[in-house]
Every structure is written in C-alpha cells, then in structure tokens.
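Each remark here refers to the structure printed beneath this line.
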Amino acid sequence: INLNIINWAMSCRFFEIGLEEYLLLLIKDIAGERKITIHYNDSGLNQRTKELLLKYPTLFKTNNETGKLEIGFTDEIEQQLQNNTNLIRR
C-alpha cells in the first residue's frame with residue numbers, strides 16, 4: 001500500500017521556520033517503507049510549492065505514467081531537511 005498525499009498546504013513564507021521540511025520528515029516517518037506520491041497540479045498560483053520542488057530536486061520526481069510526484073528519501077536528503085528546519089522531531 002502506497003501513501004498518497006492529495007492536498008498539500010504550504011506555510012506562510014514569512015515564518016521561514018522550515019515547516020515544509022519538518023512535514024516531509026514526518027511524512028517519511030509515517031510512510032515507513034511505502035512509496036509516497038503527491039497529487040500536484042501546477043495552477044500557476046503555487047509559487048511556494050515550486051520553490052520547494054526546486055530546492056530539493058533529487059527528492060521529488062515526476063512519474064511520467066501517473067503524472068504524480070514521487071518522493072524518494074535518501075540519507076543525504078533527510079539530513080538536508082533536518083538542517084533546514086528549526087522544528088524538532090520527536
């Protein structure tokens with residue numbers, strides 16, 4: 001069973017506390033070994049999401065068959081996410 005994210009809310013850019021990175025790490029913990037996909041539709045109004053995709057280009061890959069984004073964690077990516085959040089995982 002895969003983990004499919006249908007809606008993704010982004011934080012206000014003024015906070016800059018690494019909420020998105022924290023949530024990605026939380027999603028990784030919840031998913032375990034399951035494949036994680038995101039239903040992403042570029043509406044032209046989601047600049048913050050585009051910035052996140054560009055910030056972590058090796059984390060997000062588009063599946064050409066489904067059109068969904070697949071999240072592929074590595075130890076290096078996980079460390080980058082951890083370094084870029086001010087929030088603490090329990």
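The values are calculated or read from the model by the stated rules, or taken from the named source; none is laboratory data. All figures in this text were calculated on a predicted structure; none of them were measured in a lab. Note: ideal-geometry Cβ built from the backbone for every residue, glycine included; neighbour counts use all protein chains shown. These area figures cover heavy atoms from the full protein model, side chains too; ligands, DNA and RNA do not enter into them. Shrake-Rupley method; radii C 1.70, N 1.55, O 1.52, S 1.80 Å.
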Original post:
Does the range 64-74 contain any residue that is assigned to a helix (DSSP H, G or I), open to solvent by 70 Å² or more (accessible area, probe 1.4 Å) and at pLDDT 90 or above?
Top reply: no
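Scanning for something in contact with a Phe, Trp or Tyr (Cβ under 7 Å, 6 or more places away or on another chain), part of a helix (DSSP H, G or I) and closer than 18 Å to residue 7 by Cβ, does the range 33-48 turn up at least one residue?
Taking the range 33-48 first, the residues in contact with a Phe, Trp or Tyr (Cβ under 7 Å, 6 or more places away or on another chain) are 38.
Applying the additional criterion that residues be part of a helix (DSSP H, G or I) yields none.
Within the range 33-48, not a single residue is in contact with a Phe, Trp or Tyr (Cβ under 7 Å, 6 or more places away or on another chain), part of a helix (DSSP H, G or I) and closer than 18 Å to residue 7 by Cβ.
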**OP:** Find the residue count for the range 31-73, including only residues that are over 13 Å from the mean Cα position of the chain (by Cα) and either under 24 Å from residue 16 (Cα atoms) or among the aliphatic types (A, V, I, L, M) (or both).
**Re:** 7
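Could we say that residue 85 is over 17 Å from residue 31 (Cα atoms), open to solvent by less than 50 Å² (accessible area, probe 1.4 Å), assigned to a loop (DSSP other than H, G, I, E, B) and not basic (Lys, Arg) here?
On the way: over 17 Å from residue 31 (Cα atoms): yes; open to solvent by less than 50 Å² (accessible area, probe 1.4 Å): yes; assigned to a loop (DSSP other than H, G, I, E, B): yes; not basic (Lys, Arg): yes.
Against the criterion (over 17 Å from residue 31 (Cα atoms), open to solvent by less than 50 Å² (accessible area, probe 1.4 Å), assigned to a loop (DSSP other than H, G, I, E, B) and not basic (Lys, Arg)), residue 85 qualifies.
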